[in-house]
Structure formats: C-alpha cells, structure tokens
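To start, the structure itself, in structure tokens.
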Amino acid sequence: MAQLRTSIATVSLAGTLPEKLRAAAAAGFDAVEVFEPDLLSCPLTPAQVRELAAGSGLEVSLFQPFRDPDDVDPAAVRRTVHRLHRKCEVARELGTDLLLVCSSVHPGAVREDGRLAEQLRALADVAAGHGVRLAYEALAWGAHVRDYRHAARVVAAADHPALGNGVDSFHVLSRGDDPADIALIGAEKLFFYQVADAPRLPMDVLPLSRHHRCFPGQGGLDLAGFHSAVLASGYSGPVSLEVFNDLFRQADPAATAVDGMRSLRHLAELTTPGALPAAPRPSGWAFAEVSAAPGPAGDVERLLRALGFSRTGVHRRGDVDLWSSGGVRIVLNRRRPDVRAQLSSLGLRTSAPHALAERARELLAPLVHRPVGPGEADIPSLVAPDGTWVQFCEDTPTGGWLDDFVAVAEDPPAPRGGSMVEIDHVALPQPFAGFDTASLFLTAVLGLRGHEVVEVAAPDGLVRSRAHTSEDSSIRIALNVGPTAAQLRGRPLTSGHVAFRTADAVGAARAFRRAGGEPLAVPANYYADLEARHGLDPEFLATLAELDLLYDRDEHGELLQFFTRSVSRELFVEVLERRGGYRGFGVVNTPVRLAAQRRTPEAQEAASEA
C-alpha cells in the first residue's frame, strides 16, 4: 500500500509564515495547509506565498478555515456567499483547489439537514465556479453537526461534485467516536485528512483542542486505528498535521517540524508494512553511563562501591571505567570536565544495532560519529532530544562493546551483600518545553509505550512524569519535568537517576550502610502512615523504618525501595526490589523522596549556587 504524502498546517508551527514554510520544507514535508490568520499577518501576497512554498519544494494542500457556512438569516447567507467568492480567489492564488469548511458553531446555525444541504450545495456551486472544492468538516463542538457520520450524510444529500468530507482525528476520537465508518465514505467523497493526538484530560473538547493537541505518539488517542480507517476508504490525498498547542507556538519551528515528520513516519510504520526499514527493538540494558568531572567522579566511585559495585575494566583510551555488580554495568566517564555528575548515555542491547540505527535515521534521529579506536566495537549512537546519548550494543554473551575495556582486578574489592540484578529503569530530567518531544522520541525511535502522565506534589510545585516501557518491561525510562522554580539550566534539581533492581532490598540496604553509604532519610510520619494504610507486620515495619526503606503495593505485588543521597544536582541512585510482579514505580512515595532531597545539604548547596 502506497504511503500518503505528508502535510502540516502552518498553525502547528511558531514564527512568521515564511519561517513556517522553511521549517516544513527542511523537515521533508510535501505540502502545507495555510492557516488564514498566518496569511493575514504576512506582508507577502498569496501569489508570493505560493512562489515561496514552491521554491522550497512545497505544495499548498489546503487553505483553511472557512467558518460558519450556514445561517437561518438570508442576509447572513448572502454575506457568506460574498465571503466565499473572495476566499476561493485567495485559495487559487495560493495554488490550491481545496478549502476547508467547518461545521457552524454560532447560534444562528441551520438545524435541519435538508436546508443545510441546500445551503452547502449553493456554496459548492460558488466554489466550483472558481475551480475550488470544499471539504466539509464536523467540529466536535459544532452547533448542529459534530459527528463525521452526520457530516457525511449532509454532504451526500447535497450531492455536488465540488463538496466532500474532511476528517480530523481529534474531532472524532476526542468525542470517543468509532472511526470505522470513515472507510464507508469512499475515496471520491473524502477530500482531506487531518491528524492530531491529544492527552486524555478531564476537560471539554474545545479547550483541549485549542491548547493541548499534540503530534501522533505524544498523546493517548488511537491514531493507528483512525489512520487504518482512512486508508480503508481508498483515500490517496495527503495526511496533514493540524495541531493547536501552546508550547508548539513558542518553540523553534524547525525542531517542531522535525517532531511532526517523525510522528507521521511513526504513524505510517504502525499501519503500513515496510514504511520503515525492519529492525528488532532493543531487548534490554547493556549499561548506563555517568559523566562526571574529576571531583564528582570520586563521589560516584565511592557511591558505587558502597552499593556493591567493583571496578572491572578500564577503557582502551583511558578516562573511562567499567563498574559491575551482578547483572548491572555502569560506565564512569571522566572525559567531561564541564559536568558535575549526570547520566550521559544509555546503552541498549539489540541483535541488530546497525539495522536499528538505520531505522532511527529514517525517523530523523540525529546519529553521531563515535570515534572507534583499534580493537574497539563500532557502536551506532544517536542523541535524544535532551542531549543524552543512546547507543545500540550488539546483544552477545561476550565481546562486543565490552571489548572496549581492558579487564582489571578489583581495586580494592567491593563490599559484598545485596548485589544488583539489573538496571530497572532510568529517569531523565527534561526542560518543560521538551517533555512531549522526548516522549515521541522514546515512542517512535525506541519503540517504547508511553503511559499516562502523572503529576506529583513537590515542595516547590508539581512534577510531571511519564513512564515509557518496552513490551516486556525489560526497558523502562521515565521522563520528569520539575517545577519552574527548581530548574537550573533546563534540568530540575535531583530528578535524574538510575534505579538498580535487587533480589533483596533489605540485604542491599544493610550492606549499603555497612559500607558507609548514606541513604536518603525518611521521616517517621511516613511509617506511621504505612501502618495506617497497609497494616504491615510490626517487625517488618520496624525494619523498613530502620533502613529508610519505602514501600508500595499494587494488585500484582509489592515494592521496596531506598534512595541514596544525591551525588550532584543531576544524579542520585535508587535501589528497589519488585516482589510478586509489582509493575509500578512507587509514585506514591515520590513526594516523600522529593521533600527529603530538598532537605539534604546537597540541595541547599545547589540552591545557593543557583
């Protein structure tokens, strides 16, 4: 099945109309919808806009919107006809023969289908006289027509070759409608297809539409099902992004356009076999890398030793060490004197790293050149939106990326007890405006599934968090956005961390303390609440309190977790034990952890430096 051409509405991007056109062209779009307010504020004539778009390799797929086409007042109908003449002339000057007509939302809208069909037929006659077609779209908040099936019936009753349907995923799915009947409209009457995602928020569809739309893969709507229904109709026009979003209107239009194109390629992959190069998904963690300047690097080493890690390798080119504990490997990189201590790279295992990198390239992920010295593995690498490197490591029992390190004896031996089983998850801090971009990257490029956004109360405001997991949960990545007051250079205070899973959290906590490690202190009030909520065994509760262990349970099992004191504003460590299939992240404990981190000397020092 052929892929649809790609288009984006200019309202989806920030900047002037010429800036929007340049951004869309640079991202590889085939066409743009011109949003009328963008044209009205532009000093270029419609013909000049057409020339500018064509010079950038863009078609104008649609001019929009033509609002409130029907009215019970004959005088208003005459004014609408006059307005349509003028807008059709503009559409032709822009180089398009298609005008989007929205169902009316005003109090004087026609409420009888036969009369509405007559008025739309008359408007189609006007449009046809200019060589223009009308795509009639049901707005989710329309006064009379708000359902695409209703719109299709009215269009069929009007029975004019210049009048067809426009469908928009937001207007259908935000109402909870089933898009399956779009396939019954037929290609000859389906004139245009717009797509947008949205989070599932408890609000009316109008403010949701005006402020919170997002690109496919960034929200929670079933766009794959919607896209499949459109394709089943035989539709062969463009698929066009129409996204009203407050953050998008403030962001760099070039970066937003890349996000948009990535989202459409991801959507095509979900519905069209062969849309992207075939590649296996990452199968687990190879390593997590921490970069640190010399001083903080010593703090990281002491923390790793206290957690039971041993230094097991030295990189062939120096300044990078390999630390291991059980099934966990941490790379400590001292080549970055510009950072205190933070997660800088994620190594993911895959059976076909270069195939996965080629797929990532098609999704516009920026691949980076990683110098390869003699005897070193060629590891395809790319950069996530927040600057974190993602490296695809060949999934082999021996060799591969591990050959980059020369084995060393433990120096000195690490303390024993409570060894780590695997990396359970990592949490990456994000700038506020980068949250959706990072989520799309994890969903489209790494094939993870985004869960619902949760908001957690912190001492300085709300923290937004969204977990992303692989199908088998072997990879878990959480994105966090901290309160504006706690941000420093785009990274919230102490919100980036790596979590190690152990089979014995109690043993690991005891061993950590014996080795001189400092867990994050948990107030006694927390444990009193645990007793009230869960009725835990008094001896077990006393052990939790003694070791500063936090607790949670769900329908699948239990969680035990403790946190280390922060190494820097950007890094701390979590150790957890999942009992009986517990699936969550202990979100209920996050406010306690955030408040405890705010009380630490590290946090006070960070605040004074800020």
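The values are calculated or read from the model by the stated rules, or taken from the named source; none is laboratory data. Everything quoted here is computed from the prediction, not taken from an experiment. FYI the Cβ positions are ideal-geometry reconstructions off the backbone, even for glycines, and counts take in every protein chain you see. Calculation scope for accessible area: heavy atoms of the full protein, side chains included, ligands and nucleic acids excluded. Shrake-Rupley method; radii C 1.70, N 1.55, O 1.52, S 1.80 Å.
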- Pairs only if they're at least six apart or on different chains, beta carbon under 6 angstrom, first in region 361-377 and more than 21 Å from residue 267 (Cβ to Cβ), second aromatic (Phe, Trp, Tyr) and open to solvent by less than 70 Å² (accessible area, probe 1.4 Å); list them, first residue then second. 377/401
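Let's see how each residue does on (1) of a type outside the set (Phe, Trp, Tyr); (2) open to solvent by 40 Å² or more (accessible area, probe 1.4 Å); (3) in a loop (DSSP other than H, G, I, E, B):
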site: 219; (1), (2), (3): yes, no, yes
site: 227; (1), (2), (3): yes, no, no
site: 236; (1), (2), (3): yes, yes, yes
site: 240; (1), (2), (3): yes, no, no
site: 243; (1), (2), (3): yes, no, yes
site: 249; (1), (2), (3): yes, yes, no
site: 254; (1), (2), (3): yes, yes, no
site: 262; (1), (2), (3): yes, no, no
- Scan region 416-427 for residues that are modelled with pLDDT under 95, open to solvent by less than 50 Å² (accessible area, probe 1.4 Å) and on the phi < 0 side of the Ramachandran plot and report the count. 1
- Message: Taking the conditions exactly as written (open to solvent by less than 10 Å² (accessible area, probe 1.4 Å) and modelled with pLDDT under 95), does residue 213 satisfy them or not?
- Response: yes
- What number of residues in region 522-541 are farther than 15 Å from residue 552 by Cα and either under 37 Å from the mean Cα position of the chain (by Cα) or in contact (Cβ under 8 Å) with a residue 40 or more places away in the chain (or both)? 2
- Item | Selection within region 253-288 - under 23 Å from residue 401 (Cα atoms), of a type in the set (A, V, I, L, M) and out of contact with any helix residue (DSSP H, G or I) (no Cβ under 8 Å at 6 or more places or on another chain) | 288
- Query: Of the residues that make up region 350-364, is at least one within 24 Å of residue 515 (Cα to Cα), open to solvent by less than 30 Å² (accessible area, probe 1.4 Å) and either at pLDDT below 95 or not acidic (Asp, Glu) (or both)?
  - Reply: no
- Mind checking which pairs have a first residue in region 445-464 that is closer than 24 Å to residue 595 by Cβ and in contact (Cβ under 8 Å) with a residue 24 or more places away in the chain and a second that is part of a loop (DSSP other than H, G, I, E, B) and open to solvent by 60 Å² or more (accessible area, probe 1.4 Å), Cβ under 8 Å, 6 or more apart or different chains? 452/200; 464/453
- Residue check, residue 348 closer than 30 Å to residue 269 by Cβ, touching a Pro at 6+ places or on another chain (Cβ under 7 Å) and outside any helix (DSSP H, G or I): yes
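More than 20 Å from the chain's Cα centre (by Cα), within 30 Å of residue 149 (Cβ to Cβ) and in contact (Cβ under 8 Å) with a residue 60 or more places away in the chain: which single residue out of 264, 231 fits that description?
Of 264, 231, the one residue that is more than 20 Å from the chain's Cα centre (by Cα), within 30 Å of residue 149 (Cβ to Cβ) and in contact (Cβ under 8 Å) with a residue 60 or more places away in the chain is 231.
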- Note on the structure: Only unsatisfied item for residue 391, checking (1) over 30 Å from residue 506 (Cα atoms); (2) surrounded by fewer than 21 Cβ atoms within 10 Å (Cβ to Cβ), is (2)
- Item | Candidates 317, 329, 334, filtered to the one that is over 22 Å from residue 421 (Cβ atoms) and either touching a strand residue (DSSP E or B) at 6+ places or on another chain (Cβ under 9 Å) or at pLDDT 95 or above (or both) | 334
- Looking at this structure, is residue 111 assigned to a helix (DSSP H, G or I) and either among the basic types (Lys, Arg) or touching a residue at least 24 places away in the same chain (Cβ under 8 Å) (or both)? no
- Note on the structure: Filtering region 517-544 down to residues that are within 24 Å of residue 299 (Cβ to Cβ) and either open to solvent by 60 Å² or more (accessible area, probe 1.4 Å) or assigned to a helix (DSSP H, G or I) (or both) yields 518, 521
- Message: Looking only at region 137-187, how many residues end up being among the charged types (D, E, K, R), under 16 Å from residue 116 (Cβ atoms) and in a strand (DSSP E or B)?
- Response: 1
- Message: Need pairs with beta-carbon distance below 9 Å; first residue over 14 Å from residue 544 (Cα atoms) and within region 507-521, second basic (Lys, Arg); sequence gap 6+ or separate chains.
- Response: 511/416; 515/305; 516/302; 516/305; 517/302; 517/305; 517/565; 518/565
- Task: Taking the options 58, 84, name whichever one is within 21 Å of residue 129 (Cα to Cα) and modelled with pLDDT of 95 or more.
- Result: 84
- Message: For region 277-297, which positions are open to solvent by 20 Å² or more (accessible area, probe 1.4 Å) and either among the polar types (S, T, N, Q) or farther than 30 Å from residue 326 by Cβ (or both)?
- Response: 277, 278, 283
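Does residue 406 qualify as being open to solvent by 20 Å² or more (accessible area, probe 1.4 Å), hydrophobic (A, V, I, L, M, F, W, C) and in contact with a Gly (Cβ under 7 Å, 6 or more places away or on another chain)?
Details: open to solvent by 20 Å² or more (accessible area, probe 1.4 Å): yes; hydrophobic (A, V, I, L, M, F, W, C): yes; in contact with a Gly (Cβ under 7 Å, 6 or more places away or on another chain): yes.
For residue 406, the condition - open to solvent by 20 Å² or more (accessible area, probe 1.4 Å), hydrophobic (A, V, I, L, M, F, W, C) and in contact with a Gly (Cβ under 7 Å, 6 or more places away or on another chain) - is met.
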- Task: Only residues that are open to solvent by less than 40 Å² (accessible area, probe 1.4 Å) and touching a strand residue (DSSP E or B) at 6+ places or on another chain (Cβ under 7 Å): list them for region 172-198, please.
- Result: 182, 185, 190, 191, 192, 193, 194, 195, 196, 197, 198
- Message: Condition check: touching a Ser or Thr at 6+ places or on another chain (Cβ under 7 Å), within 25 Å of residue 289 (Cβ to Cβ) and open to solvent by less than 40 Å² (accessible area, probe 1.4 Å). Does residue 567 satisfy that?
- Response: no
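Sort out which residues of region 199-210 are in a helix (DSSP H, G or I) and surrounded by 15 or more Cβ atoms within 10 Å (Cβ to Cβ), and write them in order of number.
Within region 199-210, 205, 208, 209 meet the criteria.
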- Item | Identity of the residue in region 188-198, modelled with pLDDT of 95 or more and outside any strand (DSSP E or B), that ends up farthest from residue 147 (Cα to Cα) | 188
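Would you be able to say whether some residue in region 115-123 is under 30 Å from residue 51 (Cα atoms) and buried (at least 19 other Cβ atoms within 10 Å of the Cβ)?
To start, the set of residues in region 115-123 that are under 30 Å from residue 51 (Cα atoms) comprises 123.
Next cut, buried (at least 19 other Cβ atoms within 10 Å of the Cβ) only: 123.
Checked against the condition, which is being under 30 Å from residue 51 (Cα atoms) and buried (at least 19 other Cβ atoms within 10 Å of the Cβ), region 115-123 yields at least one hit.
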